[in-house]
Every structure is written in C-alpha cells, then in structure tokens.
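Q: My questions will all concern the structure given below.
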Amino acid sequence: MADAEFNVKKYVDAVSKTTMTKLNETDRVKTIAAIQDLYNVIQYDLFMVDLPLQVSMDLDLKKAINFCKVHFDTAVLNDPYGIIESVIKVHQECELGSYIALTNVAHYLDTRSFADLTSLVNETGLSLVLIEFTELKAKVFYKNCEFTFIDQDFVDWQP
C-alpha cells in the first residue's frame, strides 16, 4: 500500500486550493490579519537586533497555506481503508470530476471495511472502479457492487 500513500499525497494541493477558494470573507480577513501579525512580530524582532533589516509583507493565501504544511495524518496513511476513504473524500470535497480507479483493494480490506467502502461510495455518489485479480468464486465478496469477471486471457467475461 506504499504506492497508495504516494498517491494520497498528491491530493494535498487540491485540498489546499479548495480550502483557499472556499474561505468566507470573515475567515479570509482573519487569515490576512494573522499573516500581518506574524510579519509585524518578525519586523519588530529584527528592529530590536539593531540592524538595517526589513521584511517584505506578502499576503498571498496560497503561500500561507503552504507555510502551514498541510498534510494527511500519519495514522490515516498507515491504514488502507483510511487512504481509500481520504481519496474518495478529496474527490468529493474538491469536486475533482475525475474517476477513481483502484486495484486489488480486496487484498487490503476485510469484509467489514469493504462494506464500509461500498456505503461510502453510495453516500458520496462518486464512481469507483475496482480492478481485482481474483477468481470468479470471489464474486460473493463484491455482492453489493456491479461485478464483471474477465478471465486471464481476456476471452471469457460474465456479469
């Protein structure tokens, strides 16, 4: 699941951008005031050093969000279901409009987690494509999903 961890991290920019665009005016003013306060404290400390140093104020919210080092919680990134849930929620929250396709999810999730995943996908209304390399007899694991079996040589398929 290490590859999935990398894939989750790529969503941080989308989350940051969405957060920035969804800030209401009150929160935007508070954020800019906090940035100004930070610059003022640093400028004051530099003044106290008695050197001709200045700070250049930059009220760019994107830089402020980057400064905060937005990232996913490590506990989430260590849990296969947490990773998948985060990907789905990012797609929903950020309205990415792209499809989510995952492979071999059944190798990482137990029956209960897979049922939770099915419920989450139904709640969000997003489309999720799961590509599993499995046998036809494993169809019961996917009982609440659309399931199409394709054999190893891609000749025989059945819904």
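The values are calculated or read from the model by the stated rules, or taken from the named source; none is laboratory data. As the structure is a computational prediction, the values presented were derived from the model and not from experiment. To get the accessible areas, we keep the full protein, side chains included, count just its heavy atoms, and leave off ligands, DNA and RNA. Shrake-Rupley method; radii C 1.70, N 1.55, O 1.52, S 1.80 Å.
Q: State the percentage of accessible surface on the chain attributable to carbon and sulfur atoms; use a 1.4 Å probe and exclude ligands, DNA and RNA. Numbers along the way, then the final one.
A: Numbers: 6430 of 11620 Å².
Exposed carbon and sulfur together represent 55 percent of the surface.
Q: Heavy atoms only, probe 1.4 angstrom, no DNA, RNA or ligands counted: give me ASP37, ASP116 ranked by accessible area, highest first.
A: ASP37, ASP116
Q: Of (1) 23.2, 96; (2) 23.6, 72; (3) 23.0, 80, which is the value of Rg and Dmax of the Cα atoms in Å derived from the coordinates here?
A: (3)
Q: Rounded to the nearest 500, what is the 222 nm mean residue ellipticity of the chain from helices alone, with -39500 (n - 2.57) per DSSP H run of 4+ residues and division by all residues?
A: Value at 222 nm, helices only: -16000 deg cm²/dmol.
Q: Cα atoms only: what Rg and Dmax, in Å, come out for segment 24-76?
A: Both quantities, over Cα of segment 24-76: 14.6, 47 Å.
Q: Could you tell me the relative contact order of the chain? Use alpha-carbon pairs under 8 Å, at least six residues apart, and round to a whole percent.
A: Normalised by residue count, the contact order of the chain is 21 percent.
Q: How much accessible area per residue does the chain have, counting only protein heavy atoms and a probe of 1.4 Å, in square angstrom?
A: For the chain, the per-residue accessible area is 73 Å².
Q: Take the Cα gyration tensor of segment 53-141, multiply each eigenvalue by 5, square-root it, and list the three semi-axes largest first, rounded to whole angstrom.
A: Its equivalent ellipsoid spans semi-axes of 37, 14, 10 Å.
Q: Sticking with this one: May I have the convex hull volume per residue, in Å³, for the Cα set of segment 105-159?
A: 82 Å³
Q: Can I ask one more? Using a 1.4 Å probe, how large is the accessible area of LYS63, given in Å² and rounded to the nearest 10?
A: The accessible area comes out at roughly 120 Å².
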